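The values are calculated or read from the model by the stated rules, or taken from the named source; none is laboratory data. Keep in mind that this is a model prediction, so the values were computed, not measured. Here the Cβ is made from the backbone with ideal geometry for all residues, glycine too, and neighbour counts use every protein chain on show. Surface accessibility is based on the protein's heavy atoms, side chains included, excluding ligands, DNA and RNA. Shrake-Rupley method; radii C 1.70, N 1.55, O 1.52, S 1.80 Å.
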Amino acid sequence: QMWEEAIALGKELAEQYENEMFDYEQLSELLRKQAQFYENIVKVIRPKPDYFAVGYYGQGFPTFIRNKVFIYRGKEYERREDFEARLLTQFPNAEKMKTTSPPGDDIKTSSGQYIQCFTVKPKLDLPSKFHRPVSEQIVSFYRVNEVQRFEYSRPVRKGEKNPDNEFANMWIERTIYVTAYKLPGILRWFEVKSVFMVEISPLENAIETMQLTNDKINNMVQQHLSDPNLPINPLSMLLNGIVDPAVMGGFANYEKAFFTEKYMHEHPEDHDKIEKLKDLIAWQIPFLAEGIRIHGEKVTEALRPFHERMEACFRQLKDKVEKQYGVRAILSSLDERRGSRPRSMVRSFTMPSSSRPLSVASVSSLSSDSTPSRPGSDGFVLEPLLPKKMHSRSQDKLDKDDLDKDKKEKKKEKRNSKHQEIFDKEFKSTDISLQQAEAVILSETISPLRPQRPKSQVLNVMSSERRFSVSPAPPSSQLTPPPITPRTKLAFSIQPNLELNGMSSSDIPDVPPPLPLKGSTADYGNLMESQDLISPTTSPPAHQRVSP
């Protein structure tokens, strides 16, 4: 279950597969394993093994362990008694020592075998990459792995014994053990290379105890926020042991021992430490409040009276602490742990429309002097939800190079395979003044086919099937989106006010000229197949041909 180590080795293999061997199949399988490892780190709860310090004293042991101390890593859920029994089976003649203090020379030089065993606490040494607070589920691995420093604390009483408050003169004698290598390694035990001892004053011990208690509450709250299915019993015992003064007394013992005028007068150098202890006491209230809130949501009906009593004790405790030491709040940090949306994401979704940048289409349409971009051009950007102001275009502003531009635009439209719907007002030949259209909402559709030609260059013949050559007419100011259908044979119709071969529509006779005879060079590719529109009375004679 040391997935962190597996991920580090997997990254080395991934470098080989990707850049040296080019084995992408093995690389993909390896990356899937790494993804599973990362998920396990966050979701799977791993047991924390205990570490034991073992000293072999006496001349009866082999030289490589004689009078030396080793740190052992125990098995999962292995108690100290079980570990000692397993250790003594290897040395059945050894005698177990009853004390944890270092032995004297008489034991070290004796001919017998003496084994000293006690539990030590690993010292957390976070890697440098964790430069900001991270989840407890990630940090918990480094509390019992990749550790090289271990400590053992032994209480020592100094001065007069105070029967009312044992914390006033309780000193801590802390021994630090440093191993030759980090545990766990290739072995489950390594030799201790250096040992030194420090003394912790009663006030420093109180500060350390309060800090550990706050961290424990905070970590348990985080675990229940991330996994609502966790059992409630550990949380119940933790909260009740702190809130109910009848159980452990809480921090009232610290107040009696250190917050008195007598202690302040005798130890003026501890003023900063006392203020720090008061701050830790004040910070404990918001952590307890969040824990009790979670406990109330998950408590069963059978434990409801227990929870109500705990709430009543907490209210009294909260009023007292906030009155004496001030109010602390951690609501924002707890909201972020619950998975609230990042501020940058909220800002992007709630940005007002007035602050959004205008698109190219809206900028060009706001100026009456500029010519709107044609559909399909690269510079035409649509904003679907913003209304755009469009202007109609008169006949006299028609470009002379429409045909050349159409060809270029059709190539772009075919390459991009998309076109937009453009809304304009109907063109009036008598009124060429610019009129402002109503605000519309632009949208775009994707078509697998390129759009057909504008209506102005296509004449639909409804009463005849004869082709005419026409001069390009000015396009209407409003183009409807072409239908998305396969290209078929084009049908032409005579439109009013258009010149055909130099003749106006009024000069064209009502009866259309007859069709020419079908010859080898004739092109009927654009004529309609339907014969319903051909009048049988106007069939041409065999010798008559009509000039185009």
Inset, instruction - Using a 1.4 Å probe and counting only protein heavy atoms, arrange His271, His131, His295 so the residue with the most accessible area comes first. - result: His131, His271, His295
Legend entry - For the stretch 65-77, Karplus couplings with θ = phi - 60° (6.51, -1.76, 1.60), whole Hz, Gly/Pro x: 10, 5, 6, 10, 10, 10, 9, 9, 9, x, 7, 5, 6
Legend entry - Calculated FRET efficiency for the pair Glu255/Glu301, C-beta based, R₀ 30 Å, to 0.05: 0.25
Legend entry - Per-pair calculated FRET efficiency, R0 = 30 Å: Ile186 and Asn19 via Cβ, rounded to 0.05: 0.55
Legend entry - Debye log10 I(q)/I(0) for the stretch 260-305, one point scatterer per Cα, at q = 0.15, 0.18, 0.23 Å⁻¹: -0.58, -0.65, -0.81
Legend entry - Under-5 Å amide H pairs with Asp50, H placed in peptide plane, nonlocal only: Gly74, Tyr77, Glu78
Inset, instruction - Would you kindly work out the equivalent ellipsoid of the stretch 179-277 from its C-alpha gyration tensor and give its semi-axes, the square roots of five times the eigenvalues, largest first in whole Å? - result: 31, 28, 11
Inset, instruction - Leaving ligands, DNA and RNA out of it, work out the accessible area of Thr213 with a 1.4 Å probe and give it in Å² to the nearest 10. - result: 40
Inset, instruction - Return a whole-number percent for the relative contact order of the stretch 51-200, with Cα pairs under 8 Å and 6 or more residues apart as the contact set. - result: 24
Legend entry - Dipole-positive endmost among Phe22, Pro62, Gln1 within the stretch 1-69 (Cβ charges, Cα centre): Pro62
Legend entry - Cα-based Lys pair tally, the stretch 109-244, threshold under 17 Å, eight or more apart or on separate chains: 7
Legend entry - At 1.002 mPa s and 20 °C, Stokes D of the stretch 3-43 from Kirkwood alpha-carbon radius, µm² per second: 209
Legend entry - Phe306 accessible area, assembled protein chains, probe 1.4 Å, Å²: 70
Legend entry - Calculated over the stretch 51-200: convex hull of Cα atoms, volume per residue (Å³): 172
Inset, instruction - Heavy atoms only, probe 1.4 Å: what % of the accessible area of the stretch 3-43 goes to carbon and sulfur, would you let me know? - result: 53
Inset, instruction - Mind checking the per residue accessible area of the stretch 3-43 for me, 1.4 Å probe, whole number of Å²? - result: 74
Inset, instruction - Compare the Cα positions of Ser140, Val120, Gly74 along the charge dipole of the stretch 51-200 (+1 at Cβ of Lys, Arg; -1 at Cβ of Asp, Glu; about the Cα centre) and return the one farthest towards the positive end. - result: Ser140
Inset, instruction - Determine ³J(HN,Hα), in whole Hz, for all residues of the stretch 269-278 in sequence, where each value follows from phi through the Karplus function 6.51 cos²θ - 1.76 cosθ + 1.60 and θ = phi - 60°; x replaces Gly and Pro. - result: 6, 8, 4, 5, 5, 5, 5, 5, 5, 5
Inset, instruction - Can you tell me what the convex hull of the Cα atoms of the stretch 1-129 projects to on average, as an area in nm²? - result: 11.9
Legend entry - Two-decimal log10 I(q)/I(0) for the stretch 207-325, as the Debye equation yields it once each C-alpha is a single scatterer, q = 0.09, 0.21 Å⁻¹: -0.28, -1.20
Legend entry - Length added when fully stretched, Glu151-Phe118, from 0.36 nm per residue minus Cα-Cα: 10.8 nm
